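The values are calculated or read from the model by the stated rules, or taken from the named source; none is laboratory data. Since the model is a prediction, treat every value here as computed from it, not as a measurement. Positions of Cβ are generated from backbone atoms using ideal geometry, with glycine treated the same way; all protein chains shown enter the neighbour counts. Quick note on the areas: whole protein, heavy atoms, side chains included, nothing else; ligands and nucleic acids left out. Shrake-Rupley method; radii C 1.70, N 1.55, O 1.52, S 1.80 Å.
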Amino acid sequence: MKLLMAANWKMFKKLDEAALYAKELAKLAQNLPPDREVALFAPFTALRVCADNLGASVALGGQNCYPAAQGAFTGEISPDMLLDCGCSHVLAGHSERRSIFGEDDAFIGKKCAFALSSGLKVLLCIGERLEERDKGLLKTVLERQLSGDLSAVPDTVSDGDLAIAYEPVWAIGTGRVAKAADILEAHAVIRAFLERRFPALGKKMRILYGGSVKPENAAEIIALDNVNGVLVGGASLQIDGFSRIVLAGNA
Ligand code: PEP
């Protein structure tokens, strides 16, 4: 299984910055180590310009979508619109969507199933808040999120179409990285869940880590068991830093 090295720009970058970055990323992707792939999750407004400049070697994704084909949903974007802009991927369940926009597991579950049935690959983000971790609820929270968010996903989903990003909320944008033991524990919980939920495919689904990944810590993180890539927010905003992450640990 190849590592997936993914950038999440969040609500950053206007068209000119996006185009320049995408050109540089496309160059990097020409000479990727054979064990890895790259994806870029850009704001809606930058998707088309990214698609035009990325070339085929970088997967492009939306940061969100609404679970309907079209309709009276002012301000929303459908999976089909993302596909039309050149996307192959979409994020679901990012902690900022959960905490700022009140998305719950029932809604995220609809989004995952609808996006997959529309032909997008889904990177589902899950993770516990600090108070939940402190109460010893890591496994409970991760399993609750996985079971709600994946409830309507067919058992036969292709292993390449669904990946999970473990993103402890207390590590996102805080500079505080989970320790190796924390990442190993959480990823083992997620792997066990996936193997139960998707008996034929769960062992082959990618589990990414996200939360203050930087060029300095990426190599150590991707070397851990059950870590199949990283999802990078802040440190993906500069192409130099993200390039170092993409190539991390490559001898
Ligand atoms: C993210 O937004 O998914 C993320 C992990 O952010 P950061 O790398 O800034 O912690």
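Conditions: (1) touching a helix residue (DSSP H, G or I) at 6+ places or on another chain (Cβ under 6 Å); (2) open to solvent by 10 Å² or more (accessible area, probe 1.4 Å); (3) more than 17 Å from G241 (Cα to Cα). E24 meets all but one. Number of the miss?
The failed condition is (3).
Since D149 meets every condition but one in (1) open to solvent by 10 Å² or more (accessible area, probe 1.4 Å); (2) of a type in the set (D, E); (3) within 16 Å of the ligand (Cβ to nearest atom), which condition does it not meet?
Failed condition: (1).
Among the candidates N64, N31, which residue alone is open to solvent by 10 Å² or more (accessible area, probe 1.4 Å), modelled with pLDDT under 95 and of a type in the set (S, T, N, Q)?
Result of the check over N64, N31: N31.
Restricting to region 73-111, what's the tally of residues that are touching a residue at least 60 places away in the same chain (Cβ under 8 Å) and farther than 15 Å from L123 by Cα?
1
Within the group L142, L116, which residue is open to solvent by less than 50 Å² (accessible area, probe 1.4 Å) and within 27 Å of G86 (Cβ to Cβ)?
Sole residue among the options that is open to solvent by less than 50 Å² (accessible area, probe 1.4 Å) and within 27 Å of G86 (Cβ to Cβ): L116.
If you take the residues of region 172-187 that are farther than 24 Å from K121 by Cβ and assigned to a helix (DSSP H, G or I), which of them is nearest to the ligand (Cβ to nearest atom)?
The selected residue is D182.
Please work out which one of (1) touching a Lys or Arg at 6+ places or on another chain (Cβ under 7 Å); (2) without any contact (Cβ under 8 Å) to a residue 24 or more places away in the chain; (3) more than 13 Å from the ligand (Cβ to nearest atom) is the condition D161 fails and give its number.
(2)
Quickly run through region 217-241 and pick out the residues that are under 21 Å from E96 (Cβ atoms) and either open to solvent by 20 Å² or more (accessible area, probe 1.4 Å) or within 11 Å of the ligand (Cβ to nearest atom) (or both).
V230, L231, V232, G233, G234, A235, S236, L237, Q238, G241
Exactly one condition in (1) open to solvent by less than 50 Å² (accessible area, probe 1.4 Å); (2) β-branched (V, I, T); (3) out of contact with any helix residue (DSSP H, G or I) (no Cβ under 6 Å at 6 or more places or on another chain) is not met by I164; state its number.
Every listed condition holds for I164 apart from (3).
Specify the residue that is nearest to S95 (Cα to Cα); the eligible residues are those in region 130-139 that are open to solvent by 80 Å² or more (accessible area, probe 1.4 Å) and either among the aliphatic types (A, V, I, L, M) or without any contact (Cβ under 8 Å) to a residue 24 or more places away in the chain (or both). Show your work before the answer.
Within region 130-139, the subset open to solvent by 80 Å² or more (accessible area, probe 1.4 Å) is 131, 134-135, 139.
Filter again for either among the aliphatic types (A, V, I, L, M) or without any contact (Cβ under 8 Å) to a residue 24 or more places away in the chain (or both), leaving 131, 134-135.
On the way: E131: 15, D134: 18, K135: 19 Å.
In this case the residue turns out to be E131.
Would it be correct to say that A18 is among the small types (G, A, S), buried (at least 22 other Cβ atoms within 10 Å of the Cβ), modelled with pLDDT of 95 or more and part of a helix (DSSP H, G or I)?
Spelling it out, A18 is indeed among the small types (G, A, S), buried (at least 22 other Cβ atoms within 10 Å of the Cβ), modelled with pLDDT of 95 or more and part of a helix (DSSP H, G or I).
Filter region 188-211 down to residues that are surrounded by fewer than 19 Cβ atoms within 10 Å (Cβ to Cβ) and part of a loop (DSSP other than H, G, I, E, B) and give me whichever is nearest to the ligand (Cβ to nearest atom).
The qualifying residue nearest to the ligand (Cβ to nearest atom) is L201.
Among the strands (runs of 3 or more DSSP E) contained in region 31-146, which hold 2 or more residues that are more than 16 Å from the ligand (Cβ to nearest atom)?
36-42, 58-62
Answer with yes or no whether I245 is within 11 Å of the ligand (Cβ to nearest atom), in a helix (DSSP H, G or I) and either at pLDDT 95 or above or touching a helix residue (DSSP H, G or I) at 6+ places or on another chain (Cβ under 9 Å) (or both). Give the steps one after another, and end with the answer.
Values: within 11 Å of the ligand (Cβ to nearest atom): yes; in a helix (DSSP H, G or I): yes; either at pLDDT 95 or above or touching a helix residue (DSSP H, G or I) at 6+ places or on another chain (Cβ under 9 Å) (or both): yes.
Taking the combined requirement at face value, the residue satisfies it.
Tally up the residues in region 90-113 that are touching a Lys or Arg at 6+ places or on another chain (Cβ under 7 Å) and surrounded by 22 or more Cβ atoms within 10 Å (Cβ to Cβ), please.
Of the residues in region 90-113, 1 are touching a Lys or Arg at 6+ places or on another chain (Cβ under 7 Å) and surrounded by 22 or more Cβ atoms within 10 Å (Cβ to Cβ).
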